[in-house]
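The block underneath contains the structure these notes are about, expressed in structure tokens.
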Amino acid sequence: MIADIEPVNRESTAAIIARRLREAIMAGTLAPGMQLGEAELASRFEVSRGPLREAMQRLVSEGLLRSERHRGLFVVDLEPGDIQDIYAARSAVERAAATLVVRASERDAIAAVLDEAVARMADADAQGDPTALSEADLQFHEALIDASGSPRLRRMARTLMIETRMCLTALQHTYPTDDYETDVRVAEHHAIIAAVRAGDEPELLRLLDEHMADALRRLTPDPGDDSEPGGTEPGDSAEPGGA
């Protein structure tokens with residue numbers, strides 16, 4: 001036992017700053033491509049540059065900030081290739097989590113938690129709040145991963161979910177709301193829950209694959225298509241890309 005190490009009783013200043021920067025990136029307050037100035041941020045957080053630099057380096061290691069030599073730190077830009085990579089990684093993580101969930105003995109309890117997330121989606125839609133709708137959508141997927149009981153899957157999912165939020169925030173106001181599209185998204189999530197309850201692993205994985213493919217189609221334009229982002233023609237009605 002190492003006697004000289006004292007327990008940490010509270011979150012460090014650097015950890016608090018890193019969390020707030022993540023939240024600002026997710027919300028779009030710190031937009032993709034934005035340069036972060038140390039002096040300005042240190043002043044706003046009312047901290048010295050030491051913990052600020054430590055916090056920003058954490059976000060560099062997480063892939064949320066990029067460092068350019070002689071220029072500084074910038075919020076990452078997510079190109080179509082990045083979005084495809086994010087969803088490929090998310091698919092791998094969520095399939096692994098779903099496999100653990102569907103084989104668990106407490107499937108009904110897990111399904112009940114997922115039901116709550118879908119109810120929040122429906123509430124957000126009823127209130128005409130697309131931001132809350134997308135957030136509830138992502139909370140569904142986070143709940144699925146949490147239910148796997150795997151701390152490593154949770155860690156891998158954390159940055160992927162932040163990046164997904166960045167994608168959705170960037171496109172949040174691109175499309176008008178369409179009740180039919182929202183109903184489809186809610187129905188997709190209900191089908192996933194039904195497969196969890198039934199313990200139907202092949203069906204659950206198939207539904208997740210289709211859900212991810214549909215979300216990716218909405219978030220990335222077809223290179224050979226002149227339509228708006230998400231693959232819709234100008235003037236068509238479509239919901240912001242699902243999570």
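Here are the numbers:
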{"item": "Meets criteria (exposed (fewer than 13 other Cβ atoms within 10 Å of the Cβ) and modelled with pLDDT under 90) for ASP222", "result": "yes"}
{"item": "Filter result for ALA111 (surrounded by 18 or more Cβ atoms within 10 Å (Cβ to Cβ) and touching a Lys or Arg at 6+ places or on another chain (Cβ under 6 Å))", "result": "yes"}
{"item": "Segment 10-31, residues that are under 15 Å from THR131 (Cα atoms) and either over 20 Å from the mean Cα position of the chain (by Cα) or not acidic (Asp, Glu) (or both)", "result": "ALA24, ILE25, MET26, ALA27, GLY28, THR29"}
{"item": "Criterion (among the acidic types (Asp, Glu), farther than 18 Å from ARG165 by Cβ and modelled with pLDDT of 90 or more) met by exactly one of ASP137, ASP123, ASP85", "result": "ASP123"}
{"item": "Search result, residues across segment 32-69 that are buried (at least 18 other Cβ atoms within 10 Å of the Cβ), assigned to a helix (DSSP H, G or I) and within 17 Å of the chain's Cα centre (by Cα)", "result": "LEU59"}
{"item": "Answer residue from segment 114-125, given it is aliphatic (A, V, I, L, M) and surrounded by 13 or more Cβ atoms within 10 Å (Cβ to Cβ) and is farthest from GLU203 (Cα to Cα) among those", "result": "ALA124"}
{"item": "Candidate set from segment 124-157 (those that are in contact (Cβ under 8 Å) with a residue 60 or more places away in the chain and under 25 Å from ARG66 (Cα atoms)); member that is farthest from the chain's Cα centre (by Cα)", "result": "LEU153"}
{"item": "Among the candidates ILE145, ILE110, ILE86, ILE162, residue that is among the aliphatic types (A, V, I, L, M) and in contact with a Ser or Thr (Cβ under 7 Å, 6 or more places away or on another chain)", "result": "ILE86"}
{"item": "Residue match in segment 170-184 (condition: under 13 Å from the mean Cα position of the chain (by Cα), modelled with pLDDT of 90 or more and outside the structural domain of THR29 (by TED's automatic domain parsing))", "result": "no"}
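The values are calculated or read from the model by the stated rules, or taken from the named source; none is laboratory data. For clarity, every value in this text was computed on a predicted model and none was experimentally measured. Methodologically, a virtual Cβ is constructed for each residue, glycine included, from the backbone with ideal geometry; neighbour enumeration extends over all protein chains shown.
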